[in-house]
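The values are calculated or read from the model by the stated rules, or taken from the named source; none is laboratory data. It should be emphasised that the depicted structure is a prediction, and the values quoted were computed from it without experimental measurement. Note that each Cβ is placed from the backbone with ideal geometry, even for glycine, and that neighbours are counted across all protein chains shown. Accessible surface is based on the protein model in full, side chains and every heavy atom, while ligands, DNA and RNA are left aside. Shrake-Rupley method; radii C 1.70, N 1.55, O 1.52, S 1.80 Å.
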Amino acid sequence: MTWHLSFGRGLGSLHAGIAFVQFMLLVVGFKIARREVWLGALAGMVLLALLGWVVALRRRHAITGMPTSRIASAAQGYVELQGIGRPLDVNPLHSPLSGAACLWYRYQVEHKTSDDKWELVEQAQSQASFVLDDGSGLCLVDPDGAEIMTRHCKRWNNGDYRYVEWTLRQQDSIYVLGNFLTRHPHQGLDAGADVRELLAGWKQDRPGLLKRFDLNHDGEVDEREWELARRLARGEVEMKHRELRRQPELHLVEGAPSSLYLISNHEPEKLARRFLWMAAGQLVIFFAALGWLAWWWQRPPTL
């Protein structure tokens, strides 16, 4: 099973970032191999391990401590949803690399240089929304800013190029933690403002205005004719508002400030175990780095 975490607009997951910095600190310590460098590197590893432990436990708690809501009856605010992923449009999204139909994709292309190192050439991820269907209703899921964990990862090579593609596929069972909003088409309707806007648009098309409302053909729209225009505008606005009120409400899930926004095709139990193992791993690194730091601290400085 291949795991990939993407956070925000392809900036890399927080966990992956912590692990990468810890690894680089370890490399610097071995490369320079001086007491003061090791002290700084190990102190950084200790702090990062503590941060990683806290973050992993908070993510696990967000998953285990949140009951699953039904779309039709979900409260407004932070919720947990589960359902089947479906494309928003009749024409589904396709990954640029493999051409596979999907709900979301992320990819990266690397090139092998003359010194046998892989250099990143291109990377991108989709921002298009998709639909979550849990049987009780439909909900739009906006992947922008989400931490996405998927089991679908494809890797292949072609000459000096290496390709990696992550996707969420149609009909996947999708798990979402995020901010749930319900928007009604008639919310914020202002008949007076809409009438004024419609009349202003008619005024800008003077030939059309005269053709419709200059009943006596004197080249002007007098007060009686303008009153007719206002009545027609009110009628058009009222008809449009009635149509909007008949339309169904729209449910949406998006990111919430300072809260985990997670989208995954893994079962929540597996996600919770994943974060528990992450926390345990960071705890091991914390105590190992702390013990190593104490050992270097007791060593006398090298003259």
- prompt: Within the stretch 220-263, how many residues turn out to be open to solvent by 30 Å² or more (accessible area, probe 1.4 Å), in a loop (DSSP other than H, G, I, E, B) and at pLDDT 75 or above?
  reply: 7
statement: Trp297 vs (1) among the aromatic types (Phe, Trp, Tyr); (2) loosely packed, with under 13 Cβ neighbours inside 10 Å; (3) touching an Asp or Glu at 6+ places or on another chain (Cβ under 7 Å): all pass except (3)
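Taking the stretch 126-181 only, how many residues are open to solvent by less than 30 Å² (accessible area, probe 1.4 Å) and touching a strand residue (DSSP E or B) at 6+ places or on another chain (Cβ under 6 Å)?
Going through the stretch 126-181 one residue at a time, the tally reaches 26.
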- prompt: Somewhere in the stretch 43-65, is a residue at pLDDT 85 or above, charged (D, E, K, R) and touching a Phe, Trp or Tyr at 6+ places or on another chain (Cβ under 7 Å)?
  reply: yes
- request: Kindly list the number of the only condition in (1) farther than 30 Å from Trp118 by Cβ; (2) acidic (Asp, Glu); (3) in a loop (DSSP other than H, G, I, E, B) that fails for Asp194.
  value: (3)
- line: With the first residue restricted to the stretch 239-259 and required to be within 22 Å of Phe180 (Cα to Cα), and the second required to be modelled with pLDDT under 70 and open to solvent by less than 90 Å² (accessible area, probe 1.4 Å), Cβ contacts under 7 Å at 6 or more apart or on different chains are Leu244/Pro185; Leu244/His186; Leu244/Leu189; Arg245/His186; Gln247/Pro185; Glu249/His184
message: If I ask for residues that are touching a strand residue (DSSP E or B) at 6+ places or on another chain (Cβ under 7 Å), open to solvent by 70 Å² or more (accessible area, probe 1.4 Å) and among the β-branched types (Val, Ile, Thr), which ones from the stretch 63-84 would you list?
response: Thr68
message: Going residue by residue through the stretch 284-299, is there one that turns out to be at pLDDT 90 or above and within 30 Å of Arg106 (Cβ to Cβ)?
response: yes
field: From Val46, Val90, Val54, residue being touching a helix residue (DSSP H, G or I) at 6+ places or on another chain (Cβ under 9 Å) and open to solvent by 30 Å² or more (accessible area, probe 1.4 Å)
entry: Val54
- prompt: strands (runs of 3 or more DSSP E) wholly in the stretch 148-187 with at least 1 residues that are closer than 17 Å to Ala124 by Cα - which ones?
  reply: 152-158, 161-168
